[in-house]
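> The structure under discussion is supplied below as structure tokens; questions concerning it will follow.
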Amino acid sequence: MTGNRLLIPALAAASLMALFAACLLGSTPMPAGRVLAALFGGADAADQLVVWQIRLPRALAAFVAGAALGISGASLQGLLRNPLAEPGVLGVSASASLFATVSLYYGVAALSPWVLPIAAILGALVATALIALAAIRTRSVVTLILIGVGISSFAGAAMSLLMNLAPTPFTLSDMINWMLGSVANRSFREIGFAAPFLMAGAAILLASRRGLSALTLGEEAASGVGLNLRNQRILTVLGAGLATGGSVALAGAIGFVGIVAPHIIRPFVNHDPARSLIPSALLAGLILVLADIGVRLLPTTNELKLGVVAALIGAPAFVWIAMRRRALNG
């Protein structure tokens, strides 16, 4: 029990350390003293520019995007009672990216800074609603995963079509950023535009988290203890859609972190979905900050996209979780 109580403080402390490390490290490492001086206004203008305008916003964007995916993944796994569920695997991230890409392709995103996050959130809500409807109609885990693969494949094909038809190289570059995921050149302004949707989604999921614990008993038993299944599905879908859409609007499509973080956290909270939400968010944010530090430090000619690195790490983990689940089920 002591370990459980210390889990959230430990993850919060590790996240703060990772954010500080992200300010230290880069193409030109900075000593800790200079970073602290820059953070608290005691450094020269150049150091303050590097920390406050480049490194800190980028690290915070990675953390916030990862946290949104972590809490969404934990919630969807609780709702569907399926440890393989998460926004990326179920096509939610791809659908959000498709809607964002459409707004970029037609130039609508240039009309207002709010257009892109709203488009991404609409896409996430559409895909999440489809998954929720499928969960109501079928109890087959395989069917749900296949539907998610189908949504993701269709969204990917549609984005590829738009890329082929991109009117300018700049439009194509923007589309690639949303498809592959990146927090490069993010600013506090962009975090601010995504923040209301991220916060609203997280608040809805946290407010409805007790229903996820009840669902571990099964839908009939949960209904018997007073849970309104319809409202629980709607709230979880809405919260996950808002949080995932905000994450995609900020960092593009980043997969698998939403399944890996809750899977790691689950044994520490006695497999209680409600208690896994906050730790999963913190761990997923921490993972993305560390991954982005790795992206910046890798000696490559062109900087790798964060979504690519997350997939390289997360995809094998997803396969291992799936194989382990099958072995446990006999």
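> Taking square-rooted eigenvalues a ≥ b ≥ c of the alpha carbon gyration tensor, is region 33-324 rounded, prolate or oblate, where a/c under 1.5 means rounded and, failing that, a/b exceeding b/c means prolate? Could you put the intermediate results ahead of the total?
Details: a/c = 1.81, a/b = 1.39, b/c = 1.30.
Here region 33-324 falls in the prolate category.
> Using a simple spin-label model with points 7 Å from Cα along the Cα→Cβ vector, what separation in nm is obtained for THR216 and ALA46?
Each label point is offset 7 Å from its Cα along the Cβ direction, giving 5.5 nm.
> Rounded, prolate or oblate: which fits region 106-215, taking a ≥ b ≥ c as square roots of the Cα gyration tensor eigenvalues, rounded meaning a/c under 1.5, else prolate when a/b beats b/c? It would help to have the intermediate numbers written out before the result.
On the way: a/c = 2.73, a/b = 1.35, b/c = 2.01.
Oblate, because a/c is 1.5 or more while a/b does not exceed b/c.
> Full-extension gain between TRP320 and ILE264, please, as 0.36 nm times their residue separation minus the C-alpha to C-alpha distance.
18.9 nm
> Pop out the ³J(HN,Hα) list for region 26-40 in order, Karplus 6.51 cos²θ - 1.76 cosθ + 1.60 with θ = phi - 60°, rounded to Hz; leave Gly and Pro as x.
So the Karplus estimates, Gly and Pro as x, are x, 4, 10, x, 10, x, 4, x, 5, 5, 4, 5, 5, 5, 10 Hz.
> Order of 301-311, 178-188, 8-18, 53-63 by packing, highest average Cβ count within 10 Å first? It would help to have the intermediate numbers written out before the result.
Numbers: 301-311: 18.1, 178-188: 20.2, 8-18: 15.3, 53-63: 22.3.
Descending mean neighbour count gives 53-63, 178-188, 301-311, 8-18.
> Which percent of the accessible area of the chain is formed by carbon and sulfur heavy atoms (probe 1.4 angstrom)? Walk me through the intermediate numbers first.
On the way: 10370 of 15080 Å².
The nonpolar share, carbon plus sulfur, comes to 69 percent.
> What is the packing order of peptides 71-80, 224-233, taking the mean over residues of other C-beta atoms within 10 Å and listing the highest first?
On the way: 71-80: 30.6, 224-233: 13.6.
Per-residue mean Cβ counts within 10 Å order the peptides as 71-80, 224-233.
> Something else about it: Rounded to the nearest 500, what is the chain's calculated 222 nm mean residue ellipticity when only DSSP H runs of at least 4 contribute -39500 (n - 2.57) each, over all residues?
Values: 15 runs with 247 residues, N = 330.
Computed mean residue ellipticity for the chain: -25000 deg cm²/dmol.
> Taking 8 Å as the Cα distance limit and 6 or more residues as the minimum spacing, I'd like the relative contact order of the chain as a percentage.
Values: 559 pairs, mean separation 101.3, N = 330.
31 percent.
> Right, next: Would you please classify the overall shape of region 203-268 from the alpha carbon gyration tensor, given that a ≥ b ≥ c denote the square roots of the eigenvalues, rounded means a/c under 1.5, and beyond that prolate means a/b larger than b/c while oblate covers the rest? Numbers along the way, then the final one.
Details: a/c = 3.00, a/b = 1.60, b/c = 1.88.
Here region 203-268 falls in the oblate category.
> If you fit an axis through the alpha-carbon atoms of helix 56-80 and take the longest principal axis of the Cα set of the chain, what angle between them do you get, 0 to 90°, nearest 10?
Here the helix axis deviates by roughly 10 degrees.
> Taking 0.36 nm per residue of separation and subtracting the Cα-Cα distance, what length does fully extending ALA195 through GLU303 add? Don't skip to the end; give the middle numbers.
Numbers: separation 108, 0.36 × 108 = 38.88 nm, distance 2.60 nm.
Residue separation times 0.36 nm, minus the Cα-Cα distance, leaves 36.3 nm.
> With the crude spin-label approximation of a point 7 Å out along Cα→Cβ, what separation in nm comes out for ASN164 versus ALA21?
Using points 7 Å along Cα→Cβ, the separation is 4.3 nm.
> Now, a different point. What do you get for the angle between helix 169-180 and the principal long axis of the chain? Use alpha-carbon atoms, 0 to 90 degrees, nearest ten.
50 degrees
> Then there's this: Whole number in Å², please: accessible area per residue of region 33-324, 1.4 Å probe, ligands, DNA and RNA not counted.
Values: 12550 Å² over 292 residues.
Per-residue accessible area for region 33-324 comes out at 43 Å².
> How far is helix 306-328 tilted, in degrees, relative to the longest principal axis of the Cα atoms in the chain, given as a value from 0 to 90 rounded to the nearest 10?
Approximately 20 degrees, to the nearest 10.
The values are calculated or read from the model by the stated rules, or taken from the named source; none is laboratory data. All values derive from a computational prediction rather than experimental measurement. Because the Cβ atoms are built from the backbone with ideal geometry, glycine has one as well, and the counts that use them run over all protein chains shown. Ligands, DNA and RNA are excluded from the accessible area calculation, which covers all protein heavy atoms including side chains. Shrake-Rupley method; radii C 1.70, N 1.55, O 1.52, S 1.80 Å.
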